[in-house]
Amino acid sequence: MYRYDEFDARLVQDRVDQFRGQVTRRLSGELLENEFKPLRLQNGVYLQLHAYMLRVAIPYGQLNGAKLRKLAEVSRVYDKGYGHFTTRQNIQFNWVGLKDIPDILESLAEAELHAIQTSGNCIRNVTTDHYAGAAADEVMDPRPWCEIIRQWSTFHPEFAFLPRKFKIAVTAGVHDRAAIAVHDIGLRILKRDGVVGFEVHVGGGQGRTPILAAKVSDFVPEAEILDYLEAVLRVYNLYGRRDNKYKARIKILVTELGEAEFTRHVAEEFSAQRAHEKIALPKEEIDRIHAYFAAPDFEAVTAAGEAMFAAAKDAEPRFAAWADVNLHPHKQPGHASVTVSLKPIGGAAGDATADQMDVVAGLAERFAYDDIRVSHAQNLVLPHVPVTQLYAVWQALDAVGLATANESLITDLIVCPGLDYCNLANARSIPVGQAIQRVFADPAYEREIGRLHINISGCINACGHHHVGHIGILGVDRKGEEVYQISLGGRADEKAAIGEIAGPALSVDEVPGAVKRIVDAYLSIRSGPDELFIDTLARTGAESFRGALYAAA
């Protein structure tokens, strides 16, 4: 994990001091809200329906025990005892007082945490695969490059006020777990003839105009990637629309210019960079950053240790069910990556209490090489756990309500805060997700269904990623009534697709039954238990499900 140097610490403290002065001026009335708004947004502070919300950056989704304990402390002291983990691998505190936020930021800085560029029209938190450094299918660990991009983009003077917000994701696996196709820039790390480089995708996004990113370069060598990113951002800064925020994202620019013309502009900008404009990125600096992310000194797990894990599964069926669902293969023999589900049946997706955060922090320190990740599916991950410790980890998680065995199953929904919190929302999301969970609460039924992603958004901004859910649900306001559009066939992986709206919107009470009818139709027409919902849908087409969807609506 990257550790702050003196420059990082000073930079964060200076921002805390600056924002403290701005908050003081706002509270005194010296700054009006319209003057304060752009200042607070650059510090991750939103004014929501009921209170201020603070979004804290978790760069590329990585924490350690000390950082997670600090987040628990903030939630306990300044909020209502919980935090909400987001699809951008950050955390939000929904009930903070404005007067307290400078003290919160001061406290966060003690643990090398901040809220810089978690909002505003700037380059936001760089995200990546939550199994980075552990996944067997990755070319290399993508986190060092996320850190290099973070350092380059933080307070970049040229890109501090872009036409609109800007999001970058990096993946290095055969399977895309970072959703690069729906980001403003998506990077896939490759190796060609021993040279590390990047496949560059630009112009993806969701919101009111969902678009998959265009591939603008097959391979940019690692020493040139920051210069290439600057070329992309300069083209966007120059030609991106500022007259209409709904058409200001880079995806609109790429679409309006066309993939070939946009790519030509980027190539011209890149080739026009003069020597003094180039970013010096020597191999020594690349290696220095990589050293922060060296693999842990993994303990050797013997055959006896593997047998102990198998015996624990035989002895405890609930542990076996959890292990079958919530463990991901690890590239190190005798280890696994553990998903800590934040989706208990009837809970609010992505929420964790202060006590739960403390427990996960302790487990990471004791059993998991002090490494914790936040996934874009709003769960936590312990990426490196010896199989000999899995039973102890499960017992501790189970004791605090964190052992739900549903990773990537139908009750592992992605759900935005919706109208319960957000002043942009048109409809509630959390109660809809909870109602769907109750329909599929039987673990045996859920396992029979298999992997199926349901994503729910409470407005067209798509913070719940409904466009790329296998089943997507969008809440809209229709003459004062909350109704919900159902889409089918979205996915955010290496076969990324935007879901198609299935038909007319449904009332809130109709949604759970409609989802069940879709699922039961799938179970009746799939080729066998190994054919996933998304594959059956691709094979048979959405029309196979529309009749069931609206059968009793």
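The values are calculated or read from the model by the stated rules, or taken from the named source; none is laboratory data. Model, not experiment: these values are computed from the prediction. As a convention, Cβ positions derive from the backbone with ideal geometry for all residues, glycine included, and neighbour counts pool all protein chains shown. To get the accessible areas, we keep the full protein, side chains included, count just its heavy atoms, and leave off ligands, DNA and RNA. Shrake-Rupley method; radii C 1.70, N 1.55, O 1.52, S 1.80 Å.
In nm, what is the difference between 0.36 nm times the number of residues separating GLU277 and ASP218 and their Cα-Cα distance?
Difference between extended and current length: 18.9 nm.
Which value in Å does the Kirkwood hydrodynamic radius of the stretch 217-292 take, with 1/r averaged over all unlike C-alpha pairs and then inverted?
Kirkwood radius, the stretch 217-292: 14.0 Å.
Please give the FRET efficiency for HIS156 paired with ARG20, using the beta carbon to beta carbon distance and R0 = 30 Å, rounded to the nearest 0.05.
So, using R0 = 30 Å, E works out to roughly 0.80.
Heavy-atom accessible area of ARG526 with all protein chains present, probe 1.4 Å, nearest 10 Å²?
Counting only protein heavy atoms, the figure is 40 Å².
Dipole of the chain (Lys/Arg Cβ +1, Asp/Glu Cβ -1, origin at the Cα centre): which of LEU327, LEU162, VAL476 lies farthest to the positive side?
Checking the options against the dipole of the chain, the answer is VAL476.
In nm, to one decimal, how far is the modelled label at SER507 from the one at GLU268, with both set 7 Å along Cα→Cβ?
Modelled inter-label distance: 5.7 nm.
Gap in Å between the Cα centre of the stretch 89-151 and the Cα centre of the stretch 236-294?
Between the Cα centre of the stretch 236-294 and that of the stretch 89-151, the gap is 21 Å.
On the full set of protein chains, 1.4 Å probe, figure out the accessible area of ARG491 and give it in Å² to the nearest 10.
Result for ARG491: roughly 40 Å² accessible.
Report the relative contact order of the chain, percent, no decimals, based on alpha-carbon pairs under 8 angstrom and at least 6 residues apart.
Relative contact order here is 12 percent.
So what does LYS37 come to for accessible area, using a 1.4 Å probe and Å² rounded to 10?
Spelled out: LYS37, probe radius 1.4 Å, area about 100 Å².
Just to confirm my numbers, what's the Cα centroid distance between the stretch 319-343 and the stretch 432-492 in Å?
So the separation of the two Cα centres works out to 25 Å.
Given points 7 Å out from each Cα along the Cα-Cβ axis, report the GLU316 to ALA551 separation in nanometres with one decimal.
In this crude label model, GLU316 to ALA551 measures out at 4.0 nm.
How about the chain: what cysteines have no other cysteine beta carbon under 4.7 Å from their own?
CYS122, CYS146, CYS422, CYS459
Where the centre of each part is set by its Cα atoms, how far does the stretch 360-378 sit from the stretch 512-553, in angstrom?
36 Å
Hey, for a label at ARG10 modelled as a point 7 Å past Cα toward Cβ, could you say which residues of the stretch 117-147 have their backbone N under 13 Å away?
It comes to no residues whatsoever.
For a test of the definition: using alpha carbon positions, the gyration tensor, and the 1.5 limit on a/c, classify the chain as rounded, prolate or oblate.
Cα axes put the chain in the rounded bin.
Take ASP477, project a point 7 Å from its Cα along the Cβ direction, then tell me which residues of the stretch 416-442 have their backbone nitrogen under 12 Å from it.
Label zone hits: 419, 423-428.
Beyond 22 Å between alpha-carbons counts as too far, so tell me which of LYS165/LYS247; LYS99/LYS167; LYS165/LYS495; LYS37/LYS343; LYS495/LYS516 fall in that bin.
Exceeds cut-off: LYS99/LYS167; LYS165/LYS495; LYS37/LYS343; LYS495/LYS516.
Multiplying the sequence separation of LEU424 and GLU261 by 0.36 nm and subtracting their Cα-Cα distance, what value in nm do you get?
Gain on stretching LEU424 to GLU261: 55.2 nm.
Work out, step by step, the length gained on full extension between ALA303 and GLU110: first 0.36 nm times the residue separation, then minus their alpha carbon distance; give nm to one decimal.
65.2 nm
To the nearest 0.05, how large is the calculated FRET efficiency for VAL439 and ASP287 if R₀ is 45 Å and r is the Cβ-Cβ distance?
Taking R0 as 45 Å, the efficiency between VAL439 and ASP287 is 0.30.
Given a 1.4 Å probe and every protein chain left where it sits, what share in percent of the accessible area of the stretch 389-434 is carbon and sulfur?
49 percent
Hey, got the dipole for the stretch 194-299? About the Cα centre, +1 on K and R Cβ, -1 on D and E Cβ, debye to the nearest 20?
Its charge dipole is roughly 820 debye.
Calculate the spin-label point distance for LEU27 paired with LYS331, positioning each point 7 Å from the Cα along the beta-carbon direction, and give it in nanometres.
For LYS331 paired with LEU27, the spin-label model returns 4.8 nm.
Below 16 Å, Cα to Cα, which aspartates and glutamates can LYS313 reach? Residues fewer than 8 away in the same chain don't count.
Counting by Cα, and skipping residues close in sequence, LYS313 has these aspartates and glutamates nearby: ASP324, ASP398.
Placing +1 on the Cβ of each Lys and Arg and -1 on the Cβ of each Asp and Glu in the chain, which of ILE286, GLN117, ALA364 has its Cα farthest towards the positive end of the resulting dipole?
Of the listed residues, the answer is GLN117.
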